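Take a look at the structure set out below.
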Amino acid sequence: MVNNFKSDDSFLRKLAVGAAGTNATIARLKEMGFNPIELERGSTGFKIWKKIKIKRVRVPDILCLNTGIRFESRGKTKLEISMSHSLNDPNRAWDAGMRDDDFVAIVLFEQKDDSPVDLKQISPVHFTMVKDMRAAFVDKQVSITKPKGVEEGSEIRVMWTCAVAKQQSEVFAVEPQKVSLLPIPETRRQTIQLSRSKGKITLLPQVAAGDIVEQNQIVASVVPVNTALQRPPSVDEAYFIDKLASVNLSERYAAAKALRYRGYTTAKPVLGSRINDDDEDIYVQLEAAAALAAFDDPNGWAFIEDKLRSPIMTVPLETQLETVIVASEIPKTRSEALLIEVLKDDNRDDELRAGAAWALGQFASVTSATALVNTFNLSTLEIKVEAARALLRVADPQIDHLVGLLKNCGPNKRGGISWALARSGKFDPTEIISGADDNLRRWISYIVGYGKENFFQADVEAICKTDPEIYFAASVLWQIVASWVHDLKEY
């Protein structure tokens, strides 16, 4: 049977550029005075859950807490205004779950071949309103691609034609049939024809004569495009309470999430009613519970704890994993304790425990660091891998504690600690050499060998006098890591 799913590498590349787009859009919105948060969970990162598949509510990526405006971001490696679409499934239409006043944000990135997650932003963030995109769609001012290849699934793409500046330029002229750009520094003039597809599609100029435009900025399009937005008036708590009663699932989900960050004075009973409504979508219920738990409401905590302490016959694994992720977003010791409870329970699914390890990367405490280190003697690789990555995220404020654990723990826990310390640095490695056993000396060699750039050069050189054998072992690693063959693959 042909595999219809994306390969891990292809999927990671798409996730990484999508996350970069969301983060760039959030940064741009903050510059313009908006108050954005991630609305679609996971859209700012590229974590792949391989076994437990979460089918979340389809919502825009970003919500402005002050205005209620939502933004769907699209990171691109080729600058185009395009959206995935299904002709047969309304729930997978390009504008499913979106409002007329939502915006789509388009931003271009350069992605390195050897690193899917190494991205450079090479265009402004462009904003276009869903209302305008729908109008162009109805007027057939779009092009629709053929279905994607087998690896990419069966969706098609809708494209709103646009034209971009090849480099930073001054708009020389805007005429009925064309836009002329004069590059800076002056070279060959760029001319953009506004009539496309034999006259079926007409681009509208998005610039005026005399404007200075950036490289890869959209200068003509079938829909209005802006690189700056005016901030509309702020909304109050009543706005989100009203949305909690909407028939639209994405509206209820966004409102519940917003109230976690906005706080509540009159929304508490409405959030409670969402939790207690058995017909409500589980992801809306979780967001409502999180909004309450964030203010230490016992009903919110009871709902979250029940979902994580129930058997999978009652609460599916995907719901439990989502609950783990929700708990990680509530900066309370009660959340931390609940996640550690899941991590330590060897009767739980391995990927769920790995999810708890990943989630503890949000808690930079001695308690979380110790719990993560205690997984390194487990046999399950996926739990140890997520624990090591989480430990690195919380390492900086815990350096002294981690160094102490490295010196005093058993050999089977030192690998994960050493991996995090090598990538964090910020301590004097000579201080742990005195009294080190043979196993610890090997791991010190690893730390210094792979983390040389993260330590003071004087501290590294001092190891040569303190323990020449450690220094020699580290120097071998330096040579290997610096060699062009280090990352060479056979394919």
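The values are calculated or read from the model by the stated rules, or taken from the named source; none is laboratory data. These figures come from a predicted structure and were not determined experimentally. When we count neighbours, we look across all protein chains shown, and the Cβ atoms used for this are built from the backbone with ideal geometry, even at glycine.
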State the number of residues belonging to the range 42-51 that are over 12 Å from residue 358 (Cβ atoms) and either over 8 Å from the mean Cα position of the chain (by Cα) or among the hydrophobic types (A, V, I, L, M, F, W, C) (or both). 3
Considering only the range 38-51, state which residues are surrounded by fewer than 19 Cβ atoms within 10 Å (Cβ to Cβ) and touching a helix residue (DSSP H, G or I) at 6+ places or on another chain (Cβ under 6 Å). 45, 46, 51
Wholly within the range 239-315, helices (runs of 4 or more DSSP H) carrying at least 3 residues that are surrounded by fewer than 21 Cβ atoms within 10 Å (Cβ to Cβ): 249-262, 268-276, 298-309
Determine whether the range 415-426 contains at least one residue that is outside the structural domain of residue 356 (by TED's automatic domain parsing), of a type in the set (Ser, Thr, Tyr) and in contact (Cβ under 8 Å) with a residue 24 or more places away in the chain. yes
Taking the range 448-469 and keeping residues within 19 Å of residue 404 (Cβ to Cβ) and buried (at least 19 other Cβ atoms within 10 Å of the Cβ) leaves 448, 451, 455
Regarding residue 378, is this residue outside any helix (DSSP H, G or I), outside the structural domain of residue 293 (by TED's automatic domain parsing), over 30 Å from residue 467 (Cβ atoms) and not aromatic (Phe, Trp, Tyr)? yes
Residue check, residue 132 in the same structural domain as residue 31 (by TED's automatic domain parsing), in contact with a Pro (Cβ under 6 Å, 6 or more places away or on another chain) and on the phi < 0 side of the Ramachandran plot: yes
So the strands (runs of 3 or more DSSP E) completely within the range 71-137 holding 2 or more residues that are under 26 Å from residue 253 (Cβ atoms) are 81-85, 103-111, 126-129
Just for the range 176-190: of the residues that are touching a Leu at 6+ places or on another chain (Cβ under 9 Å) and in a loop (DSSP other than H, G, I, E, B), which one is surrounded by the most Cβ atoms within 10 Å (Cβ to Cβ)? 189
I'd like to verify a number: residues in the range 454-470 that are in a helix (DSSP H, G or I) and touching a residue at least 12 places away in the same chain (Cβ under 8 Å), how many? 8
Among the residues of the range 60-75, are any under 24 Å from residue 323 (Cα atoms), among the β-branched types (Val, Ile, Thr), buried (at least 17 other Cβ atoms within 10 Å of the Cβ) and under 20 Å from the mean Cα position of the chain (by Cα)? yes
Check 202, 161 and return the single one that is touching a residue at least 60 places away in the same chain (Cβ under 8 Å), touching a helix residue (DSSP H, G or I) at 6+ places or on another chain (Cβ under 9 Å) and hydroxyl-bearing (Ser, Thr, Tyr). 161
Restricting to the range 320-341, name every residue that is more than 20 Å from residue 45 (Cβ to Cβ) and β-branched (Val, Ile, Thr). 333, 340
Residue list for the range 433-447, filter: of a type in the set (A, V, I, L, M), crowded, with 19+ Cβ neighbours inside 10 Å and over 31 Å from the mean Cα position of the chain (by Cα): 440, 444
For residue 318: the one exception among (1) closer than 29 Å to residue 92 by Cα; (2) free of Cβ contacts under 8 Å to residues at least 60 places away in the same chain: (2)
Given (1) closer than 24 Å to residue 217 by Cα; (2) assigned to a loop (DSSP other than H, G, I, E, B); (3) of a type in the set (D, E, K, R), residue 28 misses just (2)
Restricting to the range 4-26, and then to whatever is surrounded by fewer than 18 Cβ atoms within 10 Å (Cβ to Cβ) and under 13 Å from the mean Cα position of the chain (by Cα), can you tell me which residue is modelled with the lowest pLDDT? 12
How many residues of the range 430-465 are under 22 Å from residue 408 (Cβ atoms) and among the acidic types (Asp, Glu)? The answer is 4
Selected residue [over 26 Å from the mean Cα position of the chain (by Cα) and at pLDDT below 95] from 302, 245, 294: 245
